[in-house]
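Scroll down for the structure; my scribbles are underneath it.
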Amino acid sequence: MSTQNSVDPAVLQVAECCDGLETVFDRAASLRPCPIGAESLCCKMCAMGPCRLVGKVTRGVCGATRATVAARNFARAVAAGAAAHSDHGRDLAFALLAVAKGETQGYRIRDVEKLHTVAGYLGIKTDGRSTPEIAQDVAGEALDNFGRQRGHVTYVKRATPKRQRIWQDLGVTPRAVDREIVEIMHRTHMGVDQDAENILKQCLRAALGDGWGGSMLATDLSDILFGTPSPLQSRVNLGVLKDDEVNVIVHGHEPTLSEMIVAASTDPKLLAYAKTKGAKGINLAGICCTANEVLMRHGIPPAGNFLSQELAIGTGAVEAMVVDVQCIMQALSTAAQAYHTKLITTSPKAKIEGAVHMEFDEHHAYDCAKNIVRAAIDNYPNRGQTHIPGIREELIAGFSHEYIGYMQGGLYRHSFRPLNDAVIAGRIRGLAGVVGCNNARVTHDSNITRIIAELIKNDVLTVVTGCAATGAAKYGYLRPEFMDQAGAGLKEVCEAIGIPPVLHVGSCVDNSRILTILTQVATEGGLGEDVDDIPAVGICPEYMSEKALSIAAYCVATGTYVLFCAPNPVGGSPEVTELISKGWESQVGGKLEFDPDVDSLIQKALDHIDAKRKALGLAEWEPGRFGQSGDALMEEALERYEEEAVGLYSVSELSAE
Ligand code: BF8
């Protein structure tokens, strides 16, 4: 492994110490991606194939064109991504229902105010009703959103009126979350939909069911059950592991289990038990989006992002890696066997050969979590030599959309007015969401850090989620001091509000918070009528997962320009490439483009922001225009004043005082 693989010094250090551990970086080096699949030119939808549409072959055995094949492959990826997010949302609805009925152990409704807000969105009466009664109805209505046969996903009415009309006129208003995913699977079966544009239209519909349905419900229900995030401090990277404590890593996505493990890790009886095994305590850390869930609400430190998962085991210091669903590499099992780590699977949906399966059941949630933590403690005496790198960074996280509103006016006057005014004045050039994964084909964290640094320097206020957020955090980008790297205008705004220029808004399902933020910005006034008027972009710097494609499609359908710093996965079809870019732009105002050249991608993002500013009639962004106020200038002025004041007295007078 070399510096070509990662810019994370902690990952490089651990890789050097555990030479014998085969990692994702090694496998990526020895396994070239299939060039046919990479461009969506392989069709394996029926047993007459698989057909490889390369060279002079432009049609499959059934006659399917390259455009049809590319659109089908893309659509199935969106369906898988939407299904993953939305199934997560469904499980939270079942969890809320069980909590409301008093059938669970250890949970309670932590944000009653949010329960009432969500009940309002879902049309559920709250007056004179108890919290469990409201929660039961909220959970019931949430569940209906997945499988209803008539009507639409309820949350579409949270979009701007103009956006709702666009969806209705185009016929992409999602009916029910599951239905749109099923329809993609049907339409892409052999011999059904053979019009690329029509297939791609269904992608928008299914993705909207994810963004404005499954994911948005997942975010809201998590907030109700576990609390709506507000800013808190923590640390990040492999250096958060501890040499003298039992280290438990939670990895995956669903907060139901990890919330209970947070509680179990502070259980006095378990802490005492850990001491009997020679450990000073129990140290909990996270990987991937589970890390983001417990970071946002409890300040539990992330040990790393997607590409750090095997290296965490390579430290030799992890007693248990507890996984649920999504983004968990099968190779963890081999890595765990090479060390003393217990890999514990917990979801009936996701078992891994070689792992210990300790199934999680929310009806006995706390007992399950305690059993898992106890197993980790029992494993502590088996620990051998450790290589924990002394590398960690401070961070601030916890910027829910509610808090972003609150920080712009307090409890009673919260709004998006100051943000909109700053964009209008040109202090903030525009807004960006930098989201998504790591990918072993890209130097780990390099695109994430490069893109965010450039955006900030150019006065673009940036929100981050998922592994991009963890990537940013590892290099100090989530510290308020990072505002020193920002352009003068953005820095003034950050100082005035007291925020870092990069705001961590949560896990991947919490990209739904970005939809809410953009809608609130559009509704606040001054930046057009709808999301596609706002000078904003969405960027996925190191795309890996199908979920990222679903996120991209729902952001596009909501009116955002989305750029992936990656090779075009539908590059085999110029027609499909055009349809998801200019084609979608003409239909919904947003577009999706792939550009593996990071410099060119940054330029496209800034050009788009400037074009939107121009269309709104806003002043052209000028880099040196602001910066005539701010803390640094005030400090300089005070220093000057003190020096001059000293000059008014003699030294003897001053020392006599
Ligand atoms: O859902 S960012 S690698 S962990 S897919 Fe996976 Fe990508 Fe990370 Fe979270 Ni999102």
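Read the figures in this text as sums done on the coordinates, not as results from a lab. What you are looking at is a predicted structure, and each value in this text was computed from that prediction instead of being measured. No Cβ is skipped: glycine too gets one built from the backbone with ideal geometry, and neighbour counts run over all protein chains shown.
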Label-reachable residues, region 565-582, where backbone N falls under 15 Å from a point 7 Å from Val598's Cα toward its Cβ
565-567
Straight distance only, please: which lysines reach the Cα of Lys351 with their own Cα at less than 24 Å, same-chain residues fewer than 8 apart left out?
Lys342, Lys370, Lys547
How do Ile448, Ile396 line up, fewest other C-beta atoms within 10 Å first?
Ile396, Ile448
Loop-only chymotrypsin sites (Phe, Trp or Tyr not before Pro) in region 448-497, please: DSSP not H, G, I, E or B, and at most 15 other Cβ atoms within 10 Å.
none
What's the long-distance tail for region 104-160, i.e. % of Cα pairs beyond 12 Å?
69
Calculate the length of the line joining the C-alpha centroid of region 529-580 to that of region 465-513, in whole Å.
22
So what are region 169-268's ellipsoid semi-axes, whole angstrom, largest first, if each one is the square root of 5 times an eigenvalue of the alpha-carbon gyration tensor?
41, 16, 13
Give the distance, in whole Å, between the Cα centre of region 105-143 and the Cα centre of region 294-362.
33
Residues in region 550-580 that a label on Arg32 would reach, taking backbone N under 20 Å of a point 7 Å out along Cα→Cβ
567-572
Within the chain, which complete DSSP H helices have Cα atoms spanning at least 18 Å along the helix axis and a mean Kyte-Doolittle hydropathy of -1.0 or higher?
66-100, 131-147, 196-209, 365-379, 511-524, 598-616, 631-648
Computed helical MRE - 222 nm, the chain, DSSP H runs ≥ 4 contributing -39500 (n - 2.57), nearest 500
-14500 deg cm²/dmol
Ranked from fewest to most other Cβ atoms within 10 Å of their own Cβ, Leu616, Leu270, Leu579, Leu295 fall in the order Leu616, Leu270, Leu579, Leu295
What length, rounded to one decimal in nm, is gained on full extension from Thr523 through to Asp361, with 0.36 nm per residue of separation minus their alpha-carbon distance?
54.2 nm
Amide H neighbours of Ile534 under 5 Å, at least 5 residues apart or on other chains, H built in the peptide plane: list them.
none
List the GluC sites (Glu not before Pro) within region 559-623 that DSSP assigns to loop and that have no more than 10 neighbouring Cβ atoms inside 10 Å.
Glu620
Based on the Cβ-Cβ distance from His186 to Glu575, what FRET efficiency comes out when R0 is 30 Å, to the nearest 0.05?
0.85
Below 8 Å between Cα atoms, with a sequence gap of 6+, how large is the relative contact order for the chain in percent?
16
Could you give P(r) for region 440-572, binned at 5 Å from zero, as whole percent values over all Cα-Cα pairs?
2, 10, 19, 22, 22, 15, 7, 2, 1, 0
Relative contact order of region 422-495, pairs being alpha-carbon contacts under 8 Å that are 6 or more residues apart, as %
39
DSSP loop trypsin sites (Lys or Arg not before Pro) with at most 16 other Cβ within 10 Å excluded, longest remaining stretch of the chain:
442-624
For all pairs of alpha-carbon atoms in the chain, what percent lies in each bin of width 10 Å, listed from the first bin to the last filled one?
3, 16, 25, 26, 19, 8, 2, 1, 0, 0
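Compute and list, largest first, the equivalent-ellipsoid semi-axes of region 354-511 from the alpha carbon gyration tensor, each √(5λ) rounded to a whole angstrom.
Those come to 37, 21, 14 Å.
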